[in-house]
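Contents: one structure, followed by commentary.
The values are calculated or read from the model by the stated rules, or taken from the named source; none is laboratory data. Since we're looking at a predicted model, the values are computed, not measured. Here Cβ is always computed from backbone atoms with ideal geometry, including for glycine, and neighbour counts include all displayed protein chains.
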Amino acid sequence: MTGIRSRIAALLLTAAMMNVAYTVLIPLVPVLTDKFGLTLFEIAAAFGGFALAKALAQPLGGVLVDRTSRPSVVGFVGLTMTAVSIAGLAFATAGWQILAWRLAWGVAEGLTMPVLYRLASALGTESPHGTTKVMGWFGAACTGGMVVGPLLVGALHPLLGFAGVFLAGAAVTFVSGALLLGMRYSLGDDEEAEAPAGGGGKKTRAVRAVVVLVAVFAVVDLLNNAVFAAMEPVIPLHLDAVTGDGVAFTSVIFSIGLAVFMVGTVASAKLVERNPLLVVGGIAFAIEGAGLLLLGLTDGVIALCAGFLVFMGAQPVLYMIARQGVNLVPKHQLGRAFGAFGLVSDIGFIVGPLLGALVFGWIGSGVFLVLAVITLAAAVAALALRRLPNRLLTGIYRPDEPAPKLPAAA
């Protein structure tokens, strides 16, 4: 028991430390324009290119995880590559080098993420806490690291400058990889066989069912990511127009929103575990839509903040639902499942900012109403498909093979 708890703690600390560097670049955007001469388009490419590279690398990371009994070794390699990429930014002298190192960083993190998800799933299965709760802790740890990143910049940038901040981020990331390697965790020999018994037709149906199951929950996460990412450029601009001080109000509201997300990932574990996934998902999308309607229909600061926090309250529920849905896949396929899931879901971080900025430039605060329509349509679709996960599980598991227990769809 102590061993499982220490391994879970090591995994959570690894996830938090890895994400410290993730948000380090955000406060330093003005440096990219002043020191390196990057245009707004090139800055967008640095952020969007990172997300694209990460998305494309995740399926490869998933395959590597499924082909080893020591995923922590794959994770250590990925985090070492990440640390090298972050250190490369510290020594960059031109804008193209910034872009190149950001792409390398995205590839490295894409190789690492399926490892962390696979370990969270395995440790959750072995622990008395259960996979859902461990996944909730994992999401909270990731968000906690993202909160620390800007604080690290504020503390170190005046002392160490641009290069020093990124060297510190690289050091933290490398230590997280060493911590992961130190777990010495093996998936063991009790994983399912590589392919289910039975004829080729049964195997083909099972593969198709897995693909559809992963696709459904990846699209849930894609939409959730895209709407949040669309808010990142829009909220500061809208608050600036309404209050005249978008920087201060955005800093406060996003900090509180991330705190809500951290608490929500842990608090929603039982809700997600005990209720039909797509029913809860439909309700969560509807709540997001209500928050966005409040943002789009009001201009008062209190109402704007309330709408955003309502939106952020539903975000972690959908985050948990998506990962719990993928976790229904048989264990020997989980690495590839999470890799494919990451490839699709991260598209939201690429499309979202473009959608938000373009629509905001066209119709202003009406962008919130457009986003509300998207989330409400997702709510209707999720409720319409609420019985699908149970049907797919019958195509994945053999009659003599216990499938994960899912609450019946209402």
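Restricted to region 152-190, and to residues there that are assigned to a loop (DSSP other than H, G, I, E, B) and surrounded by 15 or more Cβ atoms within 10 Å (Cβ to Cβ), the residue that is modelled with the highest pLDDT is 183. The one condition from (1) crowded, with 20+ Cβ neighbours inside 10 Å; (2) under 20 Å from residue 382 (Cα atoms); (3) of a type outside the set (Asp, Glu); (4) at pLDDT 90 or above that residue 295 does not meet is (2).
Going through region 283-303 one residue at a time, which ones are under 14 Å from residue 231 (Cβ atoms) and outside any helix (DSSP H, G or I)? Answer for region 283-303, where residues must be under 14 Å from residue 231 (Cβ atoms) and outside any helix (DSSP H, G or I): there is none. A count restricted to region 72-117 and to residues that are more than 29 Å from residue 337 (Cα to Cα) and basic (Lys, Arg) stands at 0.
Being closer than 25 Å to residue 342 by Cβ and among the hydrophobic types (A, V, I, L, M, F, W, C), is that true of even one residue in region 129-136?
Initial filter on region 129-136 (closer than 25 Å to residue 342 by Cβ): 129-136.
Applying the additional criterion that residues be among the hydrophobic types (A, V, I, L, M, F, W, C) yields 134-135.
Checked against the condition, which is being closer than 25 Å to residue 342 by Cβ and among the hydrophobic types (A, V, I, L, M, F, W, C), region 129-136 yields at least one hit.
Of the helices (runs of 4 or more DSSP H) lying entirely inside region 14-95, those containing at least 1 residues that are assigned by TED's automatic domain parsing to the domain that holds residue 137 and of a type in the set (Gly, Ala, Ser) are 40-66, 71-90. Residue check: is residue 149 over 19 Å from residue 80 (Cβ atoms), small (Gly, Ala, Ser), assigned to a helix (DSSP H, G or I) and free of Cβ contacts under 8 Å to residues at least 60 places away in the same chain? In short, no.
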